[in-house]
Amino acid sequence: MEYKPTIDRRGFIKRLGALVAMRWTRHRTALETATASLKQLAAEKGLLFGSCLALKYCVQSAAYQQLFLSQCDIATPELHMKWNSLSSQPGVYDFENADKFVAFCITNRIKVRGHTLVWHDALPAWVAPQLTAETGPAMMTGHIRKVAGHFAGKLYSWDVVNEVLDPGSHRPDGLRKTPWLQKCGTSYIELAFRETAAADPNALLVWNENYLEVSNGFGHAKRTAMLALLDGMLARGVPIHGIGIEAHLRGDQAAVLGDESYEAFLGELARRGMKIFITELDVQDLTLPADVETRDRAVADIYSRFLVASLRQPAVKGIVTWGLADCFTWIAGYRPRQDGLPVRPLPFDANCQPKGAYFAIAQTLRSARLRQQERS
Ligand code: XIL
């Protein structure tokens, strides 16, 4: 039988051309997918996505600034609004850097999470010697009025109190023994919320807390304490609108992250009318193998496990990572690796290129359910 080609020469070249074009389109789609903006993927589901930022990172790296602007529609000042950044002498405030931060965000249509008004950490040295049971409440409310008043109308939200629970303080109410608790009494939290509401009536008022996401004895104790304290305060009409889940996660915590008890806890917060934000997400890799591929995969798995469970809850409205790229991360100082290798806790590597954690976040956003768009 005579061999009959099914396609002539011209047809063949045409088909080849089409094939090359298809391959190229696929390749391009893959590239675009790789760099798809997380804020865009989040917005498609009615979510916010962002990171913390210190202005010096943008000064040090134009690439980082570009990455930040392409990925974030919400940002937290990593340092600029903490008490010790604002005031080095009693009663004297310098808002220059914090104002620059806010202006940068407003210019680029990025929402700002004010962080943070009442914390036991990052206090200027002059506070402790002045703090007594007599001066305590006025010092705290004076600070809130000054700072929240200064930014009134410009911020999306305030972390009014930060890390106020600590099972290690061994109190029945679960509160951390801080100078504020010791000098102002247990009502300092509600006083802080009421003062902030008066100073900036438009900001969403958030209680930001660590280790709520960890399903072990410590995490369970924090969750129980938070719900009991919330119930009391909400019954007294305290203006608390949201809960911040910090989520400084660890690479070896897969077994205690994202389980049913965590989802049930988020449900309890939602039932109480709370908006929920993931506020300081990163993954410590100090106990993971040195091999970069293995390490990145384990870190990405933690991101996935945690975010899939978190995003199942519609009251979760936004995700903020504690840095975007491994070149600027507090983990390098806070939880360095014993072998001296650079840490890799964030979605982008030190050259601002996407890595496993980025793809994990993108994927969880793509499969997240649609929620109502957050107010602007
Ligand atoms: C950290 C910053 O990232 C560091 O640069 C600084 O030295 C210490 O504070 N919980 C919080 C954040 O609420 O404000 C902390 O940020 C990390 C833990």
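The values are calculated or read from the model by the stated rules, or taken from the named source; none is laboratory data. All of these numbers come straight from a predicted model, not from anything done at the bench. So basically every Cβ, Gly included, is an ideal-geometry build from the backbone, and we count neighbours across all protein chains shown. Heads up: the accessible areas ignore ligands, DNA and RNA and are worked out on the full protein's heavy atoms, side chains in. Shrake-Rupley method; radii C 1.70, N 1.55, O 1.52, S 1.80 Å.
Among the residues of region 70-99, write down those that are open to solvent by 10 Å² or more (accessible area, probe 1.4 Å), more than 16 Å from the ligand (Cβ to nearest atom) and touching a Leu at 6+ places or on another chain (Cβ under 8 Å).
Asp73, Tyr93, Asp94, Phe95
(1) of a type in the set (A, V, I, L, M); (2) open to solvent by 30 Å² or more (accessible area, probe 1.4 Å); (3) away from the ligand (no atom under 16 Å from the Cβ): which one isn't true of Leu288, the others all being true?
The one condition Leu288 does not meet is (2).
So which of Phe328, Phe348 is within 17 Å of the chain's Cα centre (by Cα), farther than 23 Å from Leu257 by Cβ and among the aromatic types (Phe, Trp, Tyr)? Quick ask: steps written out before the conclusion?
On the way: Phe348 fails: farther than 23 Å from Leu257 by Cβ.
Answer to the check: Phe328.
Answer with yes or no whether Trp180 is open to solvent by less than 30 Å² (accessible area, probe 1.4 Å) and within 22 Å of the chain's Cα centre (by Cα). Talk me through it step by step, then tell me what you get.
Working: open to solvent by less than 30 Å² (accessible area, probe 1.4 Å): yes; within 22 Å of the chain's Cα centre (by Cα): no.
Taking the combined requirement at face value, the residue does not satisfy it.
Return the pairs, sorted by first residue and then second, in which the second residue is open to solvent by 10 Å² or more (accessible area, probe 1.4 Å), the first residue lies in region 154-165 and is at positive phi, the beta carbons are less than 8 Å apart, and the residues are 6+ apart or on different chains.
Glu163/Trp119; Glu163/His120; Glu163/Asp121; Glu163/Arg176; Glu163/Asn210
If a residue must be buried (at least 24 other Cβ atoms within 10 Å of the Cβ), touching a residue at least 60 places away in the same chain (Cβ under 8 Å) and over 13 Å from Leu47 (Cα atoms), how many such residues does region 291-320 contain?
Going through region 291-320 one residue at a time, the tally reaches 2.
So which of Arg369, Arg337 ends up being in a loop (DSSP other than H, G, I, E, B), open to solvent by 30 Å² or more (accessible area, probe 1.4 Å) and among the charged types (D, E, K, R)?
Values: Arg337 fails: open to solvent by 30 Å² or more (accessible area, probe 1.4 Å).
Going through Arg369, Arg337 in turn, just one is in a loop (DSSP other than H, G, I, E, B), open to solvent by 30 Å² or more (accessible area, probe 1.4 Å) and among the charged types (D, E, K, R): Arg369.
Restricting attention to region 78-99, does a residue exist that is part of a helix (DSSP H, G or I), touching a Cys at 6+ places or on another chain (Cβ under 8 Å), in contact (Cβ under 8 Å) with a residue 12 or more places away in the chain and under 20 Å from Cys352 (Cα atoms)?
Scanning region 78-99 turns up no residue that is part of a helix (DSSP H, G or I), touching a Cys at 6+ places or on another chain (Cβ under 8 Å), in contact (Cβ under 8 Å) with a residue 12 or more places away in the chain and under 20 Å from Cys352 (Cα atoms).
Taking the condition of being within 16 Å of the ligand (Cβ to nearest atom) and either of a type in the set (Asp, Glu) or in a helix (DSSP H, G or I) (or both), how many residues in region 254-285 meet it?
Residues flagged as within 16 Å of the ligand (Cβ to nearest atom) and either of a type in the set (Asp, Glu) or in a helix (DSSP H, G or I) (or both) within region 254-285 amount to 2.
Examine region 130-137 for a residue that is more than 16 Å from the ligand (Cβ to nearest atom), assigned to a helix (DSSP H, G or I), open to solvent by less than 10 Å² (accessible area, probe 1.4 Å) and out of contact with any strand residue (DSSP E or B) (no Cβ under 7 Å at 6 or more places or on another chain), and state whether such a residue exists.
Within region 130-137, the subset more than 16 Å from the ligand (Cβ to nearest atom) is 130-137.
After this cut, where a residue has to be assigned to a helix (DSSP H, G or I) as well, the list is 130, 136-137.
When the remaining residues are screened for being open to solvent by less than 10 Å² (accessible area, probe 1.4 Å), the result is 136.
From the residues that got through so far, the ones that are out of contact with any strand residue (DSSP E or B) (no Cβ under 7 Å at 6 or more places or on another chain) too are 136.
Checked region 130-137: at least one residue is more than 16 Å from the ligand (Cβ to nearest atom), assigned to a helix (DSSP H, G or I), open to solvent by less than 10 Å² (accessible area, probe 1.4 Å) and out of contact with any strand residue (DSSP E or B) (no Cβ under 7 Å at 6 or more places or on another chain).
So which residues in region 100-109 are in contact with a Leu (Cβ under 8 Å, 6 or more places away or on another chain) and open to solvent by 10 Å² or more (accessible area, probe 1.4 Å), if there are any at all?
Narrowing region 100-109 to residues in contact with a Leu (Cβ under 8 Å, 6 or more places away or on another chain): 100-102, 104, 108.
Hits for region 100-109 are Lys100, Phe104, Asn108.
Going through Leu53, Leu16, Leu31 one at a time, which residue ends up being surrounded by 10 or more Cβ atoms within 10 Å (Cβ to Cβ), closer than 28 Å to Cys327 by Cβ and modelled with pLDDT under 95? Can you show your working first?
Values: Leu53 fails: modelled with pLDDT under 95; Leu16 fails: closer than 28 Å to Cys327 by Cβ.
None of the others qualify; the one that does is Leu31.
Consider Glu209 against the criteria (1) within 16 Å of the ligand (Cβ to nearest atom); (2) touching a helix residue (DSSP H, G or I) at 6+ places or on another chain (Cβ under 6 Å): it satisfies all of them except one. Which criterion is unmet?
(2)
For Ala125, all conditions in the list (1) over 30 Å from Leu311 (Cβ atoms); (2) more than 16 Å from the ligand (Cβ to nearest atom) hold save one; what is the number of the exception?
(2)
If I filter region 151-171 for residues that are open to solvent by 60 Å² or more (accessible area, probe 1.4 Å) and closer than 26 Å to Arg223 by Cβ, do I get at least one hit?
Within region 151-171, one or more residues are open to solvent by 60 Å² or more (accessible area, probe 1.4 Å) and closer than 26 Å to Arg223 by Cβ.
Which of the numbered conditions does Ile361 fail, given that it passes all the others? Conditions: (1) within 16 Å of the ligand (Cβ to nearest atom); (2) surrounded by 15 or more Cβ atoms within 10 Å (Cβ to Cβ); (3) in a helix (DSSP H, G or I).
Status for Ile361: all satisfied but (1).
Those residues that are touching a helix residue (DSSP H, G or I) at 6+ places or on another chain (Cβ under 9 Å) and within 16 Å of the ligand (Cβ to nearest atom), I need them from region 319-341; list them, please. Talk me through it step by step, then tell me what you get.
So in region 319-341, the residues touching a helix residue (DSSP H, G or I) at 6+ places or on another chain (Cβ under 9 Å) come out as 319, 321-328, 341.
Within region 319-341, Ile319, Thr321, Trp322, Gly323, Leu324, Ala325, Asp326, Cys327, Phe328 meet the criteria.
Does Ala290 qualify as being of a type in the set (A, V, I, L, M), touching an Asp or Glu at 6+ places or on another chain (Cβ under 8 Å) and closer than 30 Å to Ala203 by Cα? Walk me through how you get there before you give the answer.
Details: of a type in the set (A, V, I, L, M): yes; touching an Asp or Glu at 6+ places or on another chain (Cβ under 8 Å): yes; closer than 30 Å to Ala203 by Cα: no.
So Ala290 fails the test.
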